[in-house]
Amino acid sequence: MENERATRHLRYSITLAIFAGLFVVLFIMNINLGSVSVQIKDIFQILFFQGGSETDYGIIWKLRLPRMMASIILGGALSLSGFLLQTFFNNPIAGPYVLGISSGAKLMVAIVMVMVLSKYHTVSSGVLIAAAFVGAMISMGFVLLVARAVERSSMLIVSGVMIGYICSAITDFVITFADDASIVNLHSWSRGSFSGTSWENVRVMAVVVLITSVIAFLMSKPIGAYQLGESYAQNMGVNIKWFRVMLVLLSSVLCACVTAFAGPISFVGIAVPHLVKSFLKTSKPLIVIPVCFLGGAIFCLGCDLIARTILAPTELSISSVTAVLGAPIVIGIMLKQRARG
Amino acid sequence: MGYFFYTKQLTVGYNGKPLIKDIEIQLGKGQILTLIGPNGSGKSTILKTITKHLKSIYGTVYIDNQSIDDMSNKDMSYKVAVVLTERLKTELMTCEDVVATGRYPYTGMLGILSEQDRFQVRNAMELVNAWELKDRDFTQVSDGQRQRVLLARAICQEPQIIVLDEPTSFLDVRYELELLNILRTMAEKQNITVIMSLHELDMAQKISDLVMCVKGEYITHFGSPQEIFQRELINELYELSNGSYNPLFGSFEMERPKGEPKVFVIAGGGTGIAEYRTLQKKRIPFVTGILHENDIDYQVACDLASEVFFEKRFERIGEGVYQSALQRLKSCDTVINCLKSYGEMNERNKELYEKAISQGLKIVESAEAL
């Protein structure tokens, strides 16, 4: 028993070390690479001593760092949101994007943006998050209704994808009627992107995501119980109603926050939790939740790096990259499930 | 009320629709109650209501004189542990992890196991002989092992009542016996009350202190196994018209072959049972005799033979029954003699056999030859 536990802990430590290493490498590469390449020896100067050349300093502090912070925070949020939804639906391919929750949030944000931007020039982050949250909850409501009616989990996913399509269609419709000025902005946003993040945005998202994630972490114990199914969880003393409401709220807030700032981003919510669980060889929320967050951050840092450098100076939407990397993983999960029966 | 667990006018059902009404259960500590009855009769519904997974429609369940309506899920978790029929879909959980979830009510905010908790987990797993499975993935173990792991999970929750829904469904005989044995031991040693549903009536008869028959709108019978396991009661409970229940064996015989019997089986002392069953399989109606009432052949013959010639227990076979058996023998065309030797009490079976030969009836060794 002691041996087994030691092996487990060793596995956790190694995974954490690898993730931390990846994080540092990607962090530096993100600062380093781009249309203007900043020397690695300057990076240190710029970050800690406000040194370096004026342009480099500006690029790093005004453009790259806030964007990276967004990838880190929102990537973590997305992956955590996916993990919570997978727990909720007891389905490994549930996630904010496939269930149409991201698209619902996107639709509401688009509507609010078009309405507000036609009168004022800016929209506050708070309003956007609120709009996204309302949209996410509406989609979630539909998904829950469907989940109640159908037993088969594949049907749940199919209906989620349908809801997603409907929302996207309406979003496109709304954008068509938007002002010329806001169209450019809206268009890149609605396809998913971390670009154009300001420090003000970062501050807001950090607060929202941090609070939500900490609450989720503190719910590790009931989440672990819920993994055995609702009946057993109740028998262990979990207040099921309260717990389900909390899971829905937390995952919706996380997803809403991501969508409000970066638009819908696909597959991170499914791929990252899955990878994390297979690396750790456990589904214990106490360890999976923090590593999921870290993993999501790394995944999005990497994807954003690819999105902005691979076809530079043209930028890819972040979703195209996450889909290419994430979708095969999702297919893999489905095949594995099929094999298990 | 001296009972540890009781229900008062409990009505259970789904979506406000009553399925079974006025259920009155009274149980002491360390007693085993088994629910029997046909499929879909509502055994699971009752169990779910007792464990608070389903709201009662009317009436209340009391544990330790406290209504479960006044207890939170957390309060309940210290009193009642469950083993459910539903298949668990776990992901990357070892059997030990699954058992450890039973410690949930006792761990702190983040659910980290203490040494004491680990000790309890180990104890519970050893009790059900599942400790060697601890590092195996829960989805990779056999049905029998899975069921034992789930029982260990329930045990390490340190409940006062364990509720099990069809715990032996997927088990082979060995594990079934083992599981029931564990339950019996727990009930005795740790004074844990066990409430479960079972399909295996023979097991229910052997393990239970109390048995409840679930069928129809009301509970018809609730009592000791001796009271419940009666031929008519069980035949009626399961609506058996094509077979019948034998309370002494706790088992069922197939339908009696129909038609005019042309085969006479001379048997006794357990020699006839195999022949009777072979004849039943071949759907050949038969008569048999001359048996004693206390003969084991008599038990099966009553269910399978068209007619049984028998004598009172411990009595020499008398003239009366011999004559009527002889009459019947003459109307048959085939005789199977299972007896190799005769004793004082059944000497007349020998006479019967000799008469059959002299009558020129077809004599066969066994029913297989027919």
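Brief remarks follow.
- For segment B:256-369, with all protein chains in place and a probe radius of 1.4 Å, 49% of the accessible heavy-atom surface sits on carbon or sulfur.
- When the other protein chains are added to the chain by itself, burial of at least 30 square angstrom of heavy-atom accessible area (probe 1.4 Å, ligands and nucleic acids ignored) affects these residues of segment B:143-165: B:Arg153.
- Amide H contacts of B:Tyr14 (H built 1.01 Å from N, under 5 Å, at least 5 apart or other chain): B:Leu19
- Per-residue ellipticity at 222 nm computed for the protein assembly as shown from its helices equals -17500 deg cm²/dmol, with DSSP H segments shorter than 4 residues left out and the rest contributing -39,500 (n - 2.57).
- Mean partner shielding of peptide B:58-70, defined as the number of other chain Cβ atoms within 10 Å of each residue Cβ, is 0.
- Computed about its Cα centre, the charge dipole of segment A:1-159 is approximately 240 debye, with only Lys, Arg, Asp and Glu carrying charge at their Cβ.
- Two-site FRET efficiency, B:Asp172 against A:Phe217, from Cβ-Cβ distance with R₀ of 41 Å, rounded to 0.05: 0.40
- Segment A:198-320 - Rg over Rh from alpha carbon coordinates, Kirkwood radius: 1.03
- Entries in B:Lys262/B:Lys312; A:Lys241/B:Lys134; B:Lys206/B:Lys258; A:Lys336/B:Lys55 that, when Cα-Cα distance is taken, lie over 29 Å: A:Lys241/B:Lys134; B:Lys206/B:Lys258; A:Lys336/B:Lys55
- Charge tally in the Cβ shell below 10 Å around B:Gly272, where Lys, Arg are +1 and Asp, Glu are -1, B:Gly272 excluded: -2
- Taking amide H positions as modeled 1.01 Å from N, with prolines and chain starts lacking one, the residues under 5 Å from B:Leu291 and 5 or more places away or on another chain are B:Phe309, B:Phe310, B:Glu311.
- On a per residue basis, chain A carries 45 Å² of accessible surface, using protein heavy atoms and a 1.4 Å probe.
- Protein accessible area in segment B:5-243, 1.4 Å probe - carbon and sulfur %: 47 percent
- For the residues of A:221-232, the average number of beta carbons from a partner chain within 10 Å of their own beta carbon is 6.
- Each Lys or Arg adds one and each Asp or Glu subtracts one; over the other residues with Cβ under 12 Å from the Cβ of B:Val61, this totals +1.
- Positive-pole candidate from A:Leu22, B:Gln157, B:Leu370, dipole of the protein assembly as shown, charges at beta carbon: A:Leu22
- Packing-based order for A:241-252, B:221-232, using average beta carbon neighbours within 10 Å, highest first: A:241-252, B:221-232
- Most fluctuating residue given options A:Ala147, A:Ala262, A:Ala297, as computed from a GNM of chain A linking Cα atoms under 10 Å: A:Ala147
- Förster radius 51 Å - calculated FRET efficiency between B:Arg136 and B:Glu344 (Cβ-Cβ, nearest 0.05): 0.25
- Point-charge dipole on Cβ atoms (K/R +1, D/E -1) for segment A:194-341, about Cα centre, debye to 20: 600 debye
- Taking a straight Cα-Cα cut-off under 14 Å and skipping sequence neighbours fewer than 8 places away in the same chain, the aspartates and glutamates within cross-link reach of B:Lys21 are B:Glu217.
- Carbon plus sulfur fraction of accessible area for segment A:277-341, probe 1.4 Å, in percent: 71 percent
- Alpha-carbon centroids, segment A:274-341 and segment B:99-145: separation in whole Å: 32 Å
- Average beta-carbon neighbours from other chains, 10 Å sphere, peptide A:271-282: 1
- Surface per residue (accessible, 1.4 Å probe) for chain B, Å²: 45 Å²
- In this structure, the amide hydrogen of B:Lys29, modeled 1.01 Å from its nitrogen in the peptide plane, lies closer than 5 angstrom to those of B:Phe4, counting only residues at least 5 positions away or on a different chain.
- Taken across both chains, chains B and A shield about 3100 Å² of accessible surface from a 1.4 Å probe.
- With the charge dipole of segment B:5-243 set up from +1 on Lys and Arg Cβ and -1 on Asp and Glu Cβ about the Cα centre, the Cα lying farthest toward the positive end among the listed residues B:Pro18, B:Thr220, B:Ile32 is that of B:Pro18.
- Projecting the Cα positions of B:Gly343, B:Ala305, B:Gly289 onto the charge dipole of segment B:256-369 (unit charges on Cβ atoms of Lys, Arg, Asp and Glu, taken about the Cα centre) puts B:Ala305 furthest along the positive direction.
- Each label point was placed 7 Å from the Cα along the Cα-to-Cβ direction; for A:Thr122 and A:Leu325 their separation is 3.2 nm.
- Environment charge of B:Pro285, counting only residues whose C-beta is closer than 15 Å and scoring Lys/Arg +1, Asp/Glu -1: +1
- q = 0.12 Å⁻¹, the protein assembly as shown: log10 I(q)/I(0) [Debye, one scatterer per Cα]: -1.22
- Normalised contact order of segment A:2-340, rounded percent, pairs of Cα under 8 Å and 6 or more residues apart: 30 percent
- Relative packing of peptides A:131-141, B:202-212 - highest average C-beta neighbours within 10 Å first: A:131-141, B:202-212
- Size of electric dipole in segment B:132-272: Cβ of Lys, Arg +1 and of Asp, Glu -1, about Cα centre, debye, nearest 20: 260 debye
The values are calculated or read from the model by the stated rules, or taken from the named source; none is laboratory data. It should be emphasised that the depicted structure is a prediction, and the values quoted were computed from it without experimental measurement. Neighbour counts run over all protein chains shown; Cβ positions are idealised from the backbone, glycine included. To get the accessible areas, we keep the full protein, side chains included, count just its heavy atoms, and leave off ligands, DNA and RNA. Shrake-Rupley method; radii C 1.70, N 1.55, O 1.52, S 1.80 Å.
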